[in-house]
Amino acid sequence: MKQIRFGRRENPLKLRRIKWIIRKLVPIAIVLGLLIGLAIFLTTLSGSSSVINFIISGTSLRSDDGRVNVLLLGMAGGSHDGATLTDTILVASYNLKQKSVHIISIPRDLWLPSLQSKANAVYQIGILQKNGLNLTKTIIGNVLGLPIHYGLRIDFHGFVEAIDALGGLDIEVKNTFDDYNYPIAGKEDDLCGYKEEERDFSKEEAKKLNIEPGKRSVFLAPDGAIATDSAEEDKGIKYFSCRYEHIHFDKGKTHMDGETALKYVRSRHGTNEEGSDFARSARQEKVITAVRAKILSLETLTNPQKIKDLINTLGKSIDTDISVKDLVEFYKFSKELKNTYSMVLDDSVLFHPNPADYGGVYVLISQDDDFSKIHEYIRKIFEEDEKVESTSAARTR
């Protein structure tokens, strides 16, 4: 059968109308792609530079001292207890001159004296004050000693629903793998038959259990045994096995709905060499590429209902002060990024106090009261990396 080519000469008005629609929808589709990429990044708790390249850039954005600082928050969402706790707290600090970005990870257990709470509860406290994002930007900015110019919070449900709105994704799975310890949503705090109890331990008892003496909360097994090491990930998985499920993926092309895609990118304990950060980043890259391709496909761009569904889905799952204009600027300059660095606030500036001093709660506290050591720590890292970049640039000239 002979193919009939539809050209301008046959129907110029209709063809111009189609081109106009596509031209108008492309920027919207790109912005949607950026936000879905952010969802993938936040829900996988990964520092992959490939995703950061989607979101941080632009010389016309708000900045201080040549840096644009963006707060990125990820939360589970839903209606269960703790749904609005932000278990992922990151700040992306982009150096406009060097075209580099530092991704700073803030522990969710960081204790904030001003609020008498952990860092992961700041957004929740802000919601009660009808100021969730701004309060979190201010508090986290004070911790780091950096002005936070933009903020974005997204929940897991947005990722799942956006993929479903696209009709799912076709992903080429590299290796067959199993993950027997994938967390089940809503069961994060299930005690699996254990119970939590506060006890007062003598020096002798504490020595046997390798803990500090005094009052502290511990988990008790059904047989009464004390599980003092339940906070350790490998032991915690053993004790609280009801919190986890077994997931499986076969090698080859697989059509994934939103829930399946989320499991694919979040899996951390996969067999067959799929349990490493590198493997997880590779899976993430595949999903991002598939999302972009699906959004920019003619099927999506010419389907107003699908575009509307995506906008509605992301609108319900996102809290941000980044305007569409700013997002387009981020995207426009994203390919200028040359280097990406990851930074974690660790025991060089933080330490674990006696839980008994904090109501038995496990927290991390700063080595000083005003976070000045953290400010100095970040400043020095910025300066050292900038010197390396300047030296490398000089050598390539």
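The values are calculated or read from the model by the stated rules, or taken from the named source; none is laboratory data. The structure displayed is predicted, hence computed values, not measured ones. No Cβ is skipped: glycine too gets one built from the backbone with ideal geometry, and neighbour counts run over all protein chains shown.
Let's see how each residue does on (1) assigned to a loop (DSSP other than H, G, I, E, B); (2) among the aromatic types (Phe, Trp, Tyr); (3) surrounded by fewer than 22 Cβ atoms within 10 Å (Cβ to Cβ); (4) in contact (Cβ under 8 Å) with a residue 12 or more places away in the chain:
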residue	(1), (2), (3), (4)
LEU73	no, no, no, yes
ILE104	no, no, no, yes
SER114	yes, no, yes, yes
TYR123	no, yes, no, yes
THR138	no, no, yes, no
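Taking every residue in region 278-299 that is closer than 15 Å to ASP170 by Cα and pairing it with any residue that is modelled with pLDDT of 75 or more and in a helix (DSSP H, G or I), at least 6 positions away or on another chain, the pairs with Cβ-Cβ distances below 7 Å are ARG283/TYR264; ARG283/VAL265; GLN284/VAL265; VAL287/ALA261; VAL287/TYR264; VAL287/VAL265.
Quick check on region 51-71: of everything there that is touching a Gly at 6+ places or on another chain (Cβ under 8 Å) and modelled with pLDDT of 80 or more, which residue is nearest to LYS137 (Cα to Cα)?
Filtering region 51-71 for residues that are touching a Gly at 6+ places or on another chain (Cβ under 8 Å) and modelled with pLDDT of 80 or more, the one nearest to LYS137 (Cα to Cα) comes out as LEU71.
Within region 161-206, track down each residue that is hydrophobic (A, V, I, L, M, F, W, C), assigned to a helix (DSSP H, G or I) and modelled with pLDDT of 85 or more. Once the filter is applied, which keeps residues that are hydrophobic (A, V, I, L, M, F, W, C), assigned to a helix (DSSP H, G or I) and modelled with pLDDT of 85 or more, region 161-206 yields ILE163, ALA165.
Quick check on region 187-204. Is at least one of its residues out of contact with any strand residue (DSSP E or B) (no Cβ under 7 Å at 6 or more places or on another chain) and among the aromatic types (Phe, Trp, Tyr)? Taking every residue of region 187-204 in turn, none turns out to be out of contact with any strand residue (DSSP E or B) (no Cβ under 7 Å at 6 or more places or on another chain) and among the aromatic types (Phe, Trp, Tyr). Answer yes or no: is there a residue in region 333-347 that is assigned to a strand (DSSP E or B), modelled with pLDDT under 80 and out of contact with any helix residue (DSSP H, G or I) (no Cβ under 9 Å at 6 or more places or on another chain). Yes, because at least one residue in region 333-347 is assigned to a strand (DSSP E or B), modelled with pLDDT under 80 and out of contact with any helix residue (DSSP H, G or I) (no Cβ under 9 Å at 6 or more places or on another chain). Annotation note: of ALA261, ALA293, the sole residue that is surrounded by fewer than 15 Cβ atoms within 10 Å (Cβ to Cβ) and among the aliphatic types (A, V, I, L, M) is ALA293. Report yes if some residue within region 232-245 is modelled with pLDDT of 80 or more, touching a Leu at 6+ places or on another chain (Cβ under 6 Å) and surrounded by 15 or more Cβ atoms within 10 Å (Cβ to Cβ); otherwise report no. Checked against the condition, which is being modelled with pLDDT of 80 or more, touching a Leu at 6+ places or on another chain (Cβ under 6 Å) and surrounded by 15 or more Cβ atoms within 10 Å (Cβ to Cβ), region 232-245 yields no hits at all.
Using the structure shown, decide if SER297 is at pLDDT 75 or above, of a type in the set (Ser, Thr, Tyr) and assigned by TED's automatic domain parsing to the domain that holds THR86.
yes
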